Amino acid sequence: MIVLLLKIAASALIILATTIIGFDIARRYRDRPQHLRQLQSALQGLATEISYGATPLPEAFASLATTHRPPIADMFQVAASQLARPGTTAAVAWQAGLETLLKRSALGQRDLAVVGQLGTVLGLSDRLDQERHLLLALQHLQREEVLAEQERQQNERMWRYLGVLSGLLLVIVLV
């Protein structure tokens with residue numbers, strides 16, 4: 001009787017664990033297009049701050065951190081706090097913000113390839129050049145968003161089912 005209860009409990013834990021893993025992978029597919037849209041919105045706001053407001057970068061980053069939701073807000077908060085340190089360049093602060101974004105979002109290196117290059121021009125070139133680079137990054141993010149949406153449609157449901165079904169298969173094989 002106890003052995004049977006242990007088998008049932010172990011089976012339930014296996015199914016629960018694989019289901020959680022499958023749903024977590026599916027969540028990343030679901031969140032990636034949303035995070036790309038949020039990042040596009042934030043970069044448009046940064047372009048506006050730079051072009052029309054002529055706002056200094058530390059203030060622009062802090063402002064964007066308060067007007068956006070995590071994980072994008074976290075990126076700008078880290079960048080603003082890095083810029084507040086004496087001797088820190090905009091490139092270093094931008095890179096620190098992007099590393100935070102990579103850790104806390106569903107975005108990958110491919111998504112942020114062009115965005116990472118913005119750090120080299122932010123604060124160093126004139127407003128028109130910075131705006132041009134921001135628009136280029138926005139176009140890249142729009143293409144990535146289309147691809148991310150296609151991947152979400154193909155893979156989100158599959159990973160949910162795969163999590164549950166792999167747990168059931170493992171239980172059948174072990175019992």
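Taken together, the values in this text are just the output of simple stated rules run on the coordinates, not laboratory data. The structure displayed is predicted, hence computed values, not measured ones. Cβ: placed from backbone, ideal geometry, glycine included. Neighbour counts: every protein chain shown.
What the table shows:
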item	result
Coordinate range along principal axes, alpha carbons of segment 128-172, Å, largest first	63, 14, 7
Residue-wise HN-Hα coupling along segment 85-91, computed from phi with Karplus coefficients 6.51, -1.76, 1.60 (Hz; x: Gly, Pro)	6, x, x, 7, 7, 5, 5
With Cα atoms, 0 to 90° folded angle of helix 72-84 axis to the chain main axis	50 degrees
GNM result for the chain, Cα springs below 10 Å: residue of Ile50, Ile14, Ile25 fluctuating most strongly	Ile14
Qualifying trypsin sites (Lys or Arg not before Pro) in segment 64-118, DSSP loop, other Cβ atoms within 10 Å at most 13	Arg110
Positive dipole terminus of segment 2-174, leading residue within Ala148, Ala47, Ala84 (C-beta point charges)	Ala148
Estimated 222 nm signal from helices in the chain, with DSSP H stretches of n ≥ 4 weighted -39500 (n - 2.57), rounded to 500	-28500 deg cm²/dmol
Label corresponding to semi-axes √(5λ) of the Cα gyration tensor in Å when calculated from the structure given, among (i) 44, 17, 11; (ii) 24, 19, 15; (iii) 45, 16, 14	(i)
Calculated FRET efficiency for the pair Gln153/Asp126, C-beta based, R₀ 45 Å, to 0.05	0.60
